[in-house]
Amino acid sequence: MSQAIETFYDVMRRQGITRRSFMKYCSLTAAALGLGPAFVPKIAEAMGTKPRTPVIWVHGLECTCCSESFIRSAHPLAKDVVLSMISLDYDDTLMAAAGHQAEAALMDTIEKYKGNYILAVEGNPPLNEDGMYCIIGGKPFVEQLKMAAEHAKAIISWGACASYGCVQAASPNPTRATPVHKVILDKPIIKVPGCPPIAEVMTGVITYMLTFDRLPELDRQGRPLMFYSQRIHDKCYRRPHFDAGQFVEHWDDENARKGYCLYKMGCKGPTTYNACSTVRWNEGTSFPIQSGHGCIGCSEDGFWDQGGFYNRLHTINQFGIEANADQIGTVAAGVVGTSVAAHAAISALKRAQKKSQDKAQVAQSKSENTGA
Amino acid sequence: MATQTTNPPPTPPSAVRQTSVYVYEAPVRLWHWVNALAIVTLMVTGYFIGTPPVVGTGEAYNHFFFGYIRFTHFSAAMILTVAFAGRMYWAVVGNHHAKQLFVLPLWRAQWWREIFTEIRWYLFLESKPKKYHGHNPLAQLAMFMFITLGTLWMIVTGWALYAEGAGEGSWPDFFFGWLRGYVHNSQTIHTLHHLGMWWIVIFMIIHIYVAIREDIMSRQSIVSTMISGHRTFKDDDPD
Ligand code: HEM
Ligand code: SF4
Ligand code: SF4
């Protein structure tokens, strides 16, 4: 039952987009992906000739901020096109169908595009109580996820939830919310973390995959290098203040007003890989640090469990204690230092004792010798 | 004390014939002091990286204060790393004592027994310490745990952090970036690196105390040995 699948270009034309707008879209995409102008015709050709790749978008435990971010992509064309291509297939929050109809659409899509579709996962499955903490269409989400993953070509983990677990997986994680890559072990998975991820990053990743029909290059944790190869800190416009040693010390101090570096206020920019300091948010308007608040590290694994968002040093609560490395170290060094001092005192005493004993012994043996 | 009375009367000073053995070859001694200096530098600068001091206001381009602190940290780190590599090489080509930091004779029952003898000596339960040319077994174990493993720990975590700035594809990333594939949030690597510093601080307190104490109370030279390389003994009694 082979049926010709339309191309991206067909979809666009059907939506009333002109050739000119299409070419504009291709150049923008190339720019967003960091590709040179030479790639524009390649993208155009791929989109004009290749059958489009269907996408199924499923939702687990989540707050839907990823979808919210996605539909606010700065370039409306990118959003419309990519989004309409996706909702054509299955996305239970955005599609028109609901209930049984929606579930039927999902089965249809899986059946029709077996081995060819991309599975985009927003949120994650909770595994405790057989997954009963998240029910989709009367069944645990984890079952839907496994079923949809079985015939997927690749999986995109949207946001911190699908990539790392996010807030619902924060300690003590009562529902055992589990990131996708720990449930689906046999498929290529692309993590696009963030809470939410930046819209342009999301459309960029999808467009790349649809256009080039391959996965973007990933870092060691499975994040696309084109957006996650550098830290917020590496491109932060407050970096000169960091190198100078000019830091905000209190939220209401003069340094905060001057826009100094937020390192001492717990900014997680130095440990966070994301594109906020270059792409920014809401059509490039701003990003957290620009508005005077430190980065909270939302695109990093376990960012809820690192202690306060406003502490420079991370809180360790391993052995029932809650302290940072310096507090632990100071106590340990204090204990050792005190023991050493006590040991030194005892040693000195012992030595004095032994000396006087030795003296007495020498005196005694002398007197014995002379006595003999 | 019972043991005290059985002690032979101490030999009069004139009768002591000081014997000496060459134990620490020049590269080992050089490494010891270079390493000590590098570690102290790394601790001071590392502490400030965690809790930065603040410079005054004014144009950012007039200052590079925190930059210099980090620069000093990284320079000392490179010296530490190269020195450690050199020390590993010397463990291969150097004398028996040069290997002590890297190979523990875990299979020798005698070695384990002497660890407990040493522990008893430090708990004041042994009236007379044993004589050693190199490190005593307890010292050897401590140095392995704190210095060999401790330095390695700092090198691996430190370079993994350095690789973040150097970037994907740089050689620090190639050699040490793999750590970030295992420890995902690099804040955790910062904390592991930071705790490692306190691990070494604890060693330094004990090490300096014990070295001076042994110099006074044991039967062999300690501090001067790491300068001259020669171990001298205070008496001629066997072991
Ligand atoms: C005995 C050896 C060392 C000590 C005591 C030490 C100590 C420290 C401390 C306390 C910190 C602050 C950690 C934090 O963010 O809370 C730090 C940061 C750092 N250290 Fe070390 N360190 C040592 C060796 C090394 C080595 C061998 C390297 C390798 C290049 C290194 C590279 C770094 C880097 C890259 C940072 C982070 C700097 C930043 O965030 O700006 N360290 N070190
Ligand atoms: S504000 Fe944060 S990201 Fe920016 S330079 Fe300071 S520490 Fe780095
Ligand atoms: S600045 Fe940091 S916390 Fe804010 S969105 Fe970007 S990565 Fe997340």
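The values are calculated or read from the model by the stated rules, or taken from the named source; none is laboratory data. Here the structure is a predicted model, which is why all the values come from computation and not from measurement. Using ideal geometry, Cβ is built from the backbone for each residue, glycine included, and neighbour counts are taken over all protein chains shown. All accessible areas refer to the heavy atoms of the entire protein, side chains included, with ligands and DNA or RNA removed. Shrake-Rupley method; radii C 1.70, N 1.55, O 1.52, S 1.80 Å.
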Query raised in the report: Of these, A:Q364, A:Q327, A:Q353, which one is closer than 30 Å to A:P172 by Cβ and assigned to a helix (DSSP H, G or I)?
Result: A:Q327
Query raised in the report: So, in the stretch A:246-256, of the ones that are farther than 15 Å from B:A60 by Cα and of a type outside the set (D, E), which residue ends up farthest from ligand 2 (Cβ to nearest atom)?
Result: A:H250
Query - Residue check for A:C267: within 9 Å of ligand 2 (Cβ to nearest atom), over 21 Å from A:C66 (Cα atoms) and within 12 Å of chain B (Cβ to nearest Cβ) - result: yes
**Report entry** Conditions (1) surrounded by 13 or more Cβ atoms within 10 Å (Cβ to Cβ); (2) within 12 Å of chain A (Cβ to nearest Cβ): number failed by B:G169
**Finding:** (1)
Query raised in the report: Would a scan of the stretch A:314-331 turn up a residue that is within 16 Å of ligand 1 (Cβ to nearest atom) and within 30 Å of A:M226 (Cβ to Cβ)?
Result: yes
Query raised in the report: If you go through the stretch B:129-149 one residue at a time, do you hit one that is more than 16 Å from ligand 3 (Cβ to nearest atom), within 9 Å of chain A (Cβ to nearest Cβ), more than 17 Å from the chain's Cα centre (by Cα) and surrounded by fewer than 18 Cβ atoms within 10 Å (Cβ to Cβ)?
Result: no
Query raised in the report: Considering only helices (runs of 4 or more DSSP H) fully contained in the stretch A:229-296, which possess at least 3 residues that are under 26 Å from A:V205 (Cβ atoms)?
Result: A:276-279
Requested in this report: Show the residue pairs that are 6+ apart or on different chains and have beta-carbon atoms under 6 Å apart, the first residue being within the stretch A:314-342 and over 16 Å from B:M204 (Cβ atoms), the second being open to solvent by less than 30 Å² (accessible area, probe 1.4 Å) and away from ligand 3 (no atom under 16 Å from the Cβ).
Outcome: A:H314/B:T191; A:E322/A:T315; A:N324/A:L313; A:N324/A:T315; A:A325/A:L313; A:A325/B:T191; A:A325/B:H194
Requested in this report: Would you check which residues across the stretch B:182-207 are closer than 25 Å to B:N95 by Cβ and open to solvent by 40 Å² or more (accessible area, probe 1.4 Å) and list them?
Outcome: B:H207
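If the requirement is being in a loop (DSSP other than H, G, I, E, B), closer than 20 Å to B:N35 by Cβ and out of contact with any Leu (no Cβ under 8 Å at 6 or more places or on another chain), which of these qualifies: B:I227, B:I222?
Details: B:I227 fails: in a loop (DSSP other than H, G, I, E, B).
Matching residue, one of B:I227, B:I222: B:I222.
Residue-wise test of (1) under 20 Å from A:Q306 (Cβ atoms); (2) basic (K, R); (3) open to solvent by 20 Å² or more (accessible area, probe 1.4 Å); (4) over 21 Å from the mean Cα position of the chain (by Cα).
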| position | (1), (2), (3), (4) |
| --- | --- |
| A:P196 | yes, no, yes, no |
| A:G245 | no, no, no, yes |
| A:V248 | yes, no, no, yes |
| A:Y260 | no, no, no, yes |
Query raised in the report: Which one is farthest from ligand 2 (Cβ to nearest atom), of the residues in the stretch B:77-122 that are open to solvent by 30 Å² or more (accessible area, probe 1.4 Å), within 14 Å of another protein chain (Cβ to nearest Cβ) and of a type outside the set (A, V, I, L, M)?
Result: B:R120
Report task. Within the stretch A:267-283, count every residue that is of a type outside the set (V, I, T) and within 12 Å of ligand 1 (Cβ to nearest atom). Result -> 4
**Report entry** A:H241 being more than 12 Å from ligand 2 (Cβ to nearest atom), open to solvent by 10 Å² or more (accessible area, probe 1.4 Å) and over 22 Å from the mean Cα position of the chain (by Cα)
**Finding:** no
Report summary line: Taking the stretch A:270-297 and keeping only residues that are within 12 Å of another protein chain (Cβ to nearest Cβ) and either over 18 Å from A:R312 (Cα atoms) or open to solvent by 30 Å² or more (accessible area, probe 1.4 Å) (or both), one is left with A:I296
Report summary line: Wholly inside the stretch A:4-75, helices (runs of 4 or more DSSP H) that include 3 or more residues that are over 27 Å from A:A102 (Cβ atoms) are A:19-32, A:39-49
Query raised in the report: If we keep just the residues of the stretch B:179-193 that are more than 16 Å from ligand 2 (Cβ to nearest atom) and in a loop (DSSP other than H, G, I, E, B), which is farthest from A:S299 (Cα to Cα)?
Result: B:V183
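Just need a number here: residues in the stretch A:223-237 that are more than 9 Å from chain B (Cβ to nearest Cβ) and open to solvent by less than 40 Å² (accessible area, probe 1.4 Å). First the steps, then the outcome.
Step one: filter the stretch A:223-237 for residues more than 9 Å from chain B (Cβ to nearest Cβ), giving A:223-224, A:226-228, A:232, A:235-237.
Okay, now just the ones that are also open to solvent by less than 40 Å² (accessible area, probe 1.4 Å), so A:223-224, A:227-228, A:232, A:236.
Of the residues in that region, 6 qualify.
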Requested in this report: May I ask you to list the residues in the stretch A:271-290 that are over 19 Å from A:P224 (Cα atoms), within 13 Å of ligand 2 (Cβ to nearest atom) and not hydrophobic (A, V, I, L, M, F, W, C)?
Outcome: A:P288, A:Q290
